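> Structure provided below as structure tokens; questions to follow.
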Amino acid sequence: MLASLVMAFTNWDLITDPTYVGAQNFVTMFNDNLVWKSLQVTTTYALVSVPLQIALGLGLALLLNANIRMLRFYRTAFYLPSVLSGVAVALLWRWLFSTEFGLFNAMLANIGIRGPSWLGDPQWALPSLVLMSLWGVGAGTIIYLAGLQGIPTDLYEAAEVDGASSWVRFWNITLPMMTPVLFFTLVTGFIAALQVFTQAFIMTSGGPNNATLFYLLYIYRNAFEYFRMGYASALAWVLFVYILVLTLIVQRSSRYWVYYEGDDRKG
């Protein structure tokens, strides 16, 4: 990290000796439209995909927390996709999104709907990657399931005695007791979403029309395609500060909505 910080103030093409340019790399960023485009794409992806993953993961955890048959099988089945190789998963989903012979368009064709060009249309490319992000929701489901099983059962028993409905028990017991787990997955989810690379690199190469130009992909291009290692290092440090600031904002907000058992206040 210290080496990259030094490189951020240099002009280095990986072949010749680096030359000191001061803050020129950071000044150049403000006039680089692709920097702002990649930040917009990455932030939009994070703001949409992370809440969807949390909502779906919590919903699955609630279902798996019930006493149903083949429970261990379902837990394993939902968790398994999250441990597969990122490249293999990207290649699989690229086939699923194929316009000509993809599974999604084939299913839509069976009901008389002409499917879109998922990865070839600027309007559909980013939503397609958001949809793909739900593939690994099982990892969060296991965490939520552990949190659900840690909630004291006497709270539910007392609520049932008072005649509370299932929705009231969820809203006043389950959700508040799960806020520490939700806070953890929110922070880690945003950090991961802001560093997406493999999906865009393998499936779209940042296209079409830079619709999936994630920030980390743009750093990669500058470093290993354009051989502007100094500029790429500066971009990486901006991403580091951006993630740090967002994490601190979420951390500060936790005092207003995260409840810890044993405290008489939130946060």
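> Treating only the Cβ atoms of Lys and Arg (+1) and Asp and Glu (-1) as charged, compute the dipole magnitude of the chain about its Cα centre; round to the nearest 20 debye.
That gives a dipole near 260 debye.
> Continuing with the same structure: Out of (1) 14.5; (2) 19.0; (3) 16.4, which label holds the value of mean projected area of the Cα convex hull in nm² that was computed here?
Checking each listed value against the structure points to (2).
> On a 0 to 90° scale, report how tilted helix 122-133 is relative to the longest principal axis of the chain, with both axes built from alpha carbons and the result rounded to the nearest 10.
Roughly 50 degrees, rounded to the nearest 10.
> Putting +1 on Lys and Arg Cβ atoms and -1 on Asp and Glu Cβ atoms, find which of Thr76, Gln40, Thr16 reaches farthest to the positive end of the dipole of the range 1-121.
My answer, from the dipole projection, is Thr76.
> Round to the nearest 10 and give me the degree value, 0 to 90, for the angle of helix 229-257's Cα axis relative to the longest principal axis of the chain.
That helix lies at roughly 20 degrees to the long axis.
No lab work stands behind these numbers, since they all come straight from the coordinates. Note that the structure is predicted; figures quoted are calculated from it, not measured. When we count neighbours, we look across all protein chains shown, and the Cβ atoms used for this are built from the backbone with ideal geometry, even at glycine.
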